[in-house]
1. Would you kindly state how much longer the chain becomes between ALA58 and PHE238 on full extension, computed as 0.36 nm times their sequence separation minus their alpha carbon distance, in nm to one decimal?
2. May I ask you to give the solvent-accessible area per residue for segment 9-73, in square angstrom, as obtained with a 1.4 angstrom probe?
3. Can you pull the one-decimal nm distance between simple spin-label points at ILE203 and LEU97, each 7 Å off the Cα toward Cβ?
4. What is the gain in length, in nm to one decimal, between LEU43 and ASP120 on full extension, counting 0.36 nm per residue of separation less the C-alpha to C-alpha distance?
5. Sequence gap at least 6, Cα distance under 8 Å: using those rules, report the relative contact order of segment 94-180 to the nearest whole percent.
6. Would you mind getting me the FRET efficiency between LEU13 and SER170? Use the beta-carbon distance for r and R0 = 56 Å, nearest 0.05.
7. Using θ = phi - 60° and the Karplus relation 6.51 cos²θ - 1.76 cosθ + 1.60, list the HN-Hα couplings for segment 226-243 in order, rounded to whole Hz, with x at every Gly or Pro.
8. Counting alpha carbon pairs within less than 8 Å and at least 6 residues apart, what relative contact order, in whole percent, applies to segment 100-429?
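The values are calculated or read from the model by the stated rules, or taken from the named source; none is laboratory data. Since we're looking at a predicted model, the values are computed, not measured. Every residue, glycine among them, receives a Cβ derived from its backbone with ideal geometry; neighbour counts consider all protein chains shown. For accessibility, only protein heavy atoms count, side chains too; no ligands or nucleic acids. Shrake-Rupley method; radii C 1.70, N 1.55, O 1.52, S 1.80 Å.
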Amino acid sequence: MTTKPATGIPFLLKTAFVNALIALVLFSLMVGIRTEAGSDGQLTYWTRFGDLASLVAAVFGGSIVIELIRQWIGSTGAEKLVPASVQSGTSFIGRYLAPALLIFTLLVPVIFYNQRYILDLAILVLTYVMLGWGLNVVVGLAGLLDLGYVAFYAVGAYSYGLLATNFGWSFWICLPLAGILAAFWGVLLGFPVLRLRGDYLAIVTLAFGEIIRLVIINWQDLTGGPNGVSGIPRPSFFGIPLDNSDDGLAAKLGIEYSPTQRIVFLFYLILALALLTNWVTIRLRRLPIGRAWEALREDEVACRALGINTTTTKLTAFATGAMFGGFAGAFFATRQGFISPESFTFQESALVLAIVVLGGMGSQLGVALAALAMIGGFELFRSLETYRMLVFGIAMVLIMIWRPRGLIGHRAPTVYLTKAQAISSDLVKEGHG
């Protein structure tokens, strides 16, 4: 016997009142009272009860609307709610969305050549897209919750920074070395956590990220400590500098030099690295190791029962994800020209993990869209000042409520059995094929 869900006006008002009361408690100190250090050093405060009342009223009305929509969808069914024509149009758009985004990304330097801010923002978005795709191997495909991914990002950045400044090696030589060193540290992380899963795995990876950051801060003879590493050389076009000298790329091509040319080169460089990450990940998913990652994600016990070596599977996942993080770190170092421990805090790991979860674990396109929304969203809401993080947090909560598996949830296996296959009687104890 099934119980009918509660409906009616009293239930709606009760739900809305409870949500509004919770909002009042949460927003009282964040919005209702504003504090700031005065010119004399003393703490001053003022009230904003009008804004607080507006937020509580918005939560009250929004709760009623959401509950009405939820009851309507539950009574009509989600399939009947969306017309067939709209469903087919959405499927058509989804099929061509990725190629359209790729074409637009390739044309960004052409369209916004004279807008340095847009180009810098695009480079930042692509950097986080690459980090998201790297972490997606560990979290989305293998199902291993990693909260210390920023450690591999830092290893790649410091590997390139130290090798380039101390030995004078070029970017193209240090780039693979940064990935190899980051993968090595990924394997070192993988060994202690072979028997861990879930929350315990997350805690150990979080500690690993903090250990790397503290080592960078305290090993001052090597890393420079809190002062960081400065004077990191810029990348060249395979040995040709991108400057205003006679040996520069502009002089060799016979064109007028512009500082934007280096920014455009960095844009296409990180785009190439991100596309390489995407291509390798897609290819690995179709290989036996990729299928082993998916089996490990779904059920580790069943994975062991099938004879899959979970030790090798976990280590390869950590090493592959760490390698891509090292590549991104090397690019970050050469783009900035300066690195310090403040750039590799836990907030970076949390942001990359949020991109993967919000986009949909295992979905390459979803991670790219989530990185665009989160990194670009910060800039979009910059005019809201103090309300920016509040609006952004509410938007994320709503998305996770309505799309719990992310924007583009993808947990489908890579290989399907299209038809039932009979098993030889020699392999069955009972003798039935």
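1. 59.1 nm
2. Details: 4510 Å² over 65 residues.
Per residue, segment 9-73 has 69 Å² of solvent-accessible surface.
3. Taking the two extended label points, one gets 3.8 nm.
4. 24.0 nm
5. 14 percent
6. Once the sixth-power term is evaluated, E becomes 0.25.
7. For segment 226-243, the Karplus-derived couplings read x, 6, x, 10, 10, x, 6, x, 7, x, 10, 8, 6, x, 9, x, 9, 9 Hz, x marking Gly and Pro.
8. On the way: 488 pairs, mean separation 103.3, N = 330.
That works out to 31 percent.
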